Amino acid sequence: MSLTTPPQDATFAEPAPSALLLLGRGVDLASERGVECVGALPAASDPDLVERAHAARAALGDRAFVLGHHYQRDEVIDLADVTGDSFKLAREAAARPEAEFIVFCGVHFMAESADILTSDAQQVVLPDLAAGCSMADMAAIDQVEDAWDVLVEAGVAEDTVPVTYMNSTAAIKAFTGRHGGTVCTSSNAHVALRWAFDKVGGVEGTGKVLFMPDQHLGRNTAVNQLGLSLDDCVVFDPRRPNGGLTAQQLKDARMILWRGHCSVHGRFSERNVTDIRAAVPGVHVLVHPECKHEVVTAADMVGSTEYIIQALAAAEPGSSWAIGTELNLVRRLARAHADKQVHYLDSTVCFCSTMNRIDLPHLVWTLESLVAGRVVNRIVVDADDAHWARVALDQMLALPGYGA
């Protein structure tokens with residue numbers, strides 16, 4: 001098939017308001033979608049980039065605190081003051097009140113959490129505004145509000161507690177706070193779900209949870225850790241009338257799962273697990289709970305990013321591991337544990353494309369702009385959303401045994 005220029009009178013359907021924008025094209029600062037990064041960036045081939053980055057970092061001193069998510073490129077991680085998962089980094093930022101600037105090398109929703117948790121005197125910046133999150137963008141606030149109206153009409157809203165994964169926008173966290181719910185991480189999702197069920201009748205009762213935006217984490221946690229069945233779970237599709245569900249299905253369900261997923265972890269398949277076991281006898285398969293249910297079921301171990309890091313650190317020398325999570329982290333783990341065989345679970349390369357938009361040119365531009373007195377790409381959460389999102393985050397911190 002050859003590509004041809006469409007006729008002048010050709011018409012094209014306009015994308016839905018919630019459609020993902022192409023990375024780096026279009027402007028929508030109120031969402032996780034791609035936006036243009038204003039300003040002249042250094043050339044990616046500039047041989048002095050690392051030196052320029054360290055010079056700007058030294059010039060800023062304690063005025064700036066650089067956070068690096070585990071999925072970032074190595075050259076970015078090398079410049080970070082601290083590394084970790086999204087919520088750990090946001091809390092680290094809040095623990096540095098002397099830092100005037102929080103440079104968050106992650107994605108948009110993470111920088112929002114940092115802005116919510118830090119003081120008004122601190123400014124959170126994201127080196128590239130196009131570093132969004134496809135999962136977070138799968139749950140737009142207007143869609144979620146419409147979905148809640150569906151639950152009200154079905155007569156189940158009063159028995160439903162919303163729980164949102166940390167990988168969601170500030171607006172969705174705020175929605176959760178307004179409706180008496182909580183935020184969760186991949187480490188404490190089981191605690192959050194048990195708390196939510198207990199709030200409306202216990203795990204064995206008739207209460208429900210609306211879990212957003214990752215259906216796989218919600219399903220895996222409910223079934224594998226709380227003992228619910230797959231029949232207790234339904235998927236709410238915001239693109240279909242009434243979520244594609246009948247009122248009776250909503251009444252019968254215990255877990256109402258939002259139709260969202262991680263574009264990286266969703267790639268892993270049961271076939272990947274079968275193939276790696278055949279290729280590497282005795283391999284331990286370790287995957288993130290954002291993977292599909294059949295992948296999690298087929299794996300030997302399942303856990304958060306921090307769990308994966310700790311599991312590799314504690315593993316016996318000479319042992320073999322196949323890891324189902326983002327490739328930057330897996331490569332870093334393989335180098336850090338040369339005494340073990342570390343394999344990437346997927347047969348093809350899969351970086352987090354949005355996380356990888358934070359590169360050295362963007363970071364250098366950000367740091368040098370701050371040195372020059374220009375605050376670029378500042379992330380500011382609406383005050384009302386920040387308040388209610390903080391309510392939901394504080395509820396998570398108050399969960400029994402929280403410490404993940």
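The figures follow:
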item: Scan of segment 372-403 for residues that are under 30 Å from ARG57 (Cα atoms) and either of a type in the set (A, V, I, L, M, F, W, C) or touching a residue at least 40 places away in the same chain (Cβ under 8 Å) (or both), ordered by number; result: ALA372, VAL375, VAL376, ASN377, ARG378, ILE379, VAL380, VAL381, ASP382, ALA386
item: Residue in segment 196-209 that is touching a helix residue (DSSP H, G or I) at 6+ places or on another chain (Cβ under 6 Å), modelled with pLDDT of 95 or more and buried (at least 16 other Cβ atoms within 10 Å of the Cβ) present; result: yes
item: Positions within segment 228-242 being surrounded by 15 or more Cβ atoms within 10 Å (Cβ to Cβ) and either over 17 Å from GLY218 (Cα atoms) or at pLDDT below 95 (or both), in sequence order; result: ASN242
item: Test: residue in segment 305-315 that is within 21 Å of the chain's Cα centre (by Cα), within 22 Å of SER353 (Cβ to Cβ), charged (D, E, K, R) and not assigned by TED's automatic domain parsing to the domain that holds PHE87; result: no
item: Selection count where residues are touching a strand residue (DSSP E or B) at 6+ places or on another chain (Cβ under 8 Å) and at positive phi, scope segment 170-204; result: 1
item: Scope segment 382-392; condition charged (D, E, K, R) and part of a helix (DSSP H, G or I); matching residues; result: ASP384, ASP385, ARG390
item: Leading residue by the ranking (surrounded by the fewest Cβ atoms within 10 Å (Cβ to Cβ)) among those in segment 64-81 that are in contact with a Phe, Trp or Tyr (Cβ under 8 Å, 6 or more places away or on another chain) and free of Cβ contacts under 8 Å to residues at least 60 places away in the same chain; result: ASP81
item: Unique match (being of a type in the set (Val, Ile, Thr), in contact with a Ser or Thr (Cβ under 6 Å, 6 or more places away or on another chain) and either farther than 30 Å from THR206 by Cβ or without any contact (Cβ under 8 Å) to a residue 12 or more places away in the chain (or both)) among VAL287, VAL273, VAL283, VAL264; result: VAL283
item: Selected residue [small (Gly, Ala, Ser) and on the phi > 0 side of the Ramachandran plot] from GLY318, GLY266; result: GLY318
item: Residue match in segment 101-110 (condition: surrounded by fewer than 24 Cβ atoms within 10 Å (Cβ to Cβ), farther than 18 Å from ARG73 by Cβ and modelled with pLDDT of 95 or more); result: yes
item: Odd one out for VAL296, checked against (1) free of Cβ contacts under 8 Å to residues at least 60 places away in the same chain; (2) touching a Pro at 6+ places or on another chain (Cβ under 7 Å); result: (1)
item: Selection from segment 38-78 of residues that are within 23 Å of ALA90 (Cα to Cα) and hydroxyl-bearing (Ser, Thr, Tyr); result: TYR71
item: Those residues of segment 359-402 which are of a type in the set (Ser, Thr, Tyr) and at pLDDT 95 or above, in sequence order; result: THR366, SER369
item: Tabulated pairs, segment 31-49, first outside the structural domain of GLU368 (by TED's automatic domain parsing) and more than 17 Å from LEU129 (Cβ to Cβ), second at pLDDT 80 or above and among the hydroxyl-bearing types (Ser, Thr, Tyr), C-beta under 6 angstrom, 6+ apart or interchain; result: none
item: Sole exception among (1) surrounded by fewer than 19 Cβ atoms within 10 Å (Cβ to Cβ); (2) outside the structural domain of ILE256 (by TED's automatic domain parsing) for ALA131, by number; result: (1)
item: Contacts under 7 angstrom Cβ, first residue in segment 226-244 being farther than 22 Å from GLU145 by Cβ, partner of a type in the set (Lys, Arg) and not in a loop (DSSP other than H, G, I, E, B), 6 or more apart; result: LEU226/ARG194; CYS233/ARG219
item: Top-ranked residue in segment 243-266 [being in a helix (DSSP H, G or I) and surrounded by fewer than 18 Cβ atoms within 10 Å (Cβ to Cβ); ranked as nearest to the chain's Cα centre (by Cα)]; result: GLY244
item: Hey, GLY61 without any contact (Cβ under 8 Å) to a residue 24 or more places away in the chain and not assigned by TED's automatic domain parsing to the domain that holds ALA171 or not; result: yes
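Every residue, every condition in (1) at pLDDT below 95; (2) in the same structural domain as GLU316 (by TED's automatic domain parsing); (3) surrounded by fewer than 18 Cβ atoms within 10 Å (Cβ to Cβ), yes or no:
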| site | (1), (2), (3) |
| --- | --- |
| VAL183 | no, no, no |
| ASN188 | yes, no, no |
| HIS216 | no, no, no |
| ARG219 | no, no, no |
| ASN224 | no, no, yes |
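The values are calculated or read from the model by the stated rules, or taken from the named source; none is laboratory data. Note that this is a predicted model, so its numbers are computed, not measured. Reconstructed Cβ throughout: ideal geometry from the backbone, glycine too, with neighbour counts over all protein chains shown.
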